[in-house]
Amino acid sequence: MTVSEPIAERDGPGFDEGLRRDAIDEEAAARGSVYALAAAAFAEPSGGIHERFADGSLDESMATLVDRTGLDVDPPDLTVADDRETLAARYNDLFVIGYSEVIDGTDGTVENQGPPASLYESTYRSDVSWNDVNLDLARAYEHFGCEVGGDERRHHDHVRLELEFAGYLCRLAAAGDDASGDAEPANLDRARLDFHDRHLSVLASGLRTALDEEPGTSVYGRLARFLDAFVAADVDDLAERLDAGAGGDREHAVTDGSDGGERS
């Protein structure tokens with residue numbers, strides 16, 4: 001399978017939002033659908049995505065799924081009053097468009113800044129290089145039979161790809177199936193925890209922190225705060241189930257991001 005179809009051309013998540021009828025672990029299936037739905041919500045708002053934000057259907061779907069996950073996390077408010085052009089402008093201002101500032105008028109020196117919040121994990125990693133982050137993700141995707149497919153041009157550490165992969169791992173666990181050939185449920189849980197520790201926890205925490213420092217984040221700020229809390233709750237549940245210890249005690253847990261804050 002592919003982790004992603006071309007993101008810019010797709011309105012919905014790469015996975016069905018409903019629970020699989022053959023799921024043996026409905027909580028894992030629901031968590032997978034939450035991650036897939038969050039991936040869809042972090043897309044640039046096309047007409048289809050905006051409609052789901054505006055009519056409350058995205059909000060309703062997320063609340064229903066979160067209730068089925070077994071995690072004590074409040075669902076986010078995902079309903080917006082903005083029209084599509086306003087929401088798209090907000091998305092671009094937060095995640096896409098940087099700015100330039102003249103810092104020396106005598107020689108025309110210009111400082112270029114990226115957007116206020118990055119959707120890429122490597123931005124929030126002070127401990128390893130961009131190359132190391134993306135190579136590790138590529139290996140993880142490949143191990144489970146996934147690849148960044150189609151005409152996709154985003155790097156492996158983009159939030160939508162990581163969320164879709166997290167959802168895919170949940171759905172493998174829910175069905176008792178493992179594309180890598182090891183179908184033991186505990187091993188799938190370890191793979192999920194390892195992926196969170198190595199990657200998604202850092203990205204969720206960094207994105208939340210970046211948006212907390214910006215005004216006017218609207219639904220994207222609420223979504224980022226929810227995602228950070230949801231990932232943390234998922235991690236705690238998996239670590240307790242596997243008796244893996246606190247974050248700082250686990251081999252691959254990243255305990256500091258770009259802001260230097262503690263993360264377990």
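Points worth noting:
- Within region 84-100, the set of residues being at pLDDT below 95 and acidic (D, E) comprises just one member, D93.
- Candidates A36, A43 - the one that is hydrophobic (A, V, I, L, M, F, W, C) and not in a loop (DSSP other than H, G, I, E, B): A36
- When region 210-225 is limited to residues that are open to solvent by 10 Å² or more (accessible area, probe 1.4 Å) and within 25 Å of D194 (Cβ to Cβ), the one that is farthest from the chain's Cα centre (by Cα) turns out to be A210.
For (1) open to solvent by 20 Å² or more (accessible area, probe 1.4 Å); (2) under 24 Å from G32 (Cβ atoms); (3) assigned to a helix (DSSP H, G or I); (4) in contact with an Asp or Glu (Cβ under 9 Å, 6 or more places away or on another chain), each residue gets a yes or a no:
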| position | (1), (2), (3), (4) |
| --- | --- |
| I49 | no, yes, yes, yes |
| R52 | yes, yes, yes, yes |
| D59 | yes, yes, yes, yes |
| V66 | no, yes, yes, yes |
| D72 | yes, yes, no, no |
| P75 | yes, yes, no, yes |
| T79 | yes, yes, no, yes |
| D82 | yes, no, no, no |
| L87 | no, no, yes, no |
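- Those residues of region 101-134 which are closer than 30 Å to A40 by Cα, modelled with pLDDT under 80 and either of a type in the set (A, V, I, L, M, F, W, C) or surrounded by fewer than 12 Cβ atoms within 10 Å (Cβ to Cβ) (or both), in sequence order: N112, Q113
The values are calculated or read from the model by the stated rules, or taken from the named source; none is laboratory data. Model, not experiment: these values are computed from the prediction. Here Cβ is always computed from backbone atoms with ideal geometry, including for glycine, and neighbour counts include all displayed protein chains. Quick note on the areas: whole protein, heavy atoms, side chains included, nothing else; ligands and nucleic acids left out. Shrake-Rupley method; radii C 1.70, N 1.55, O 1.52, S 1.80 Å.
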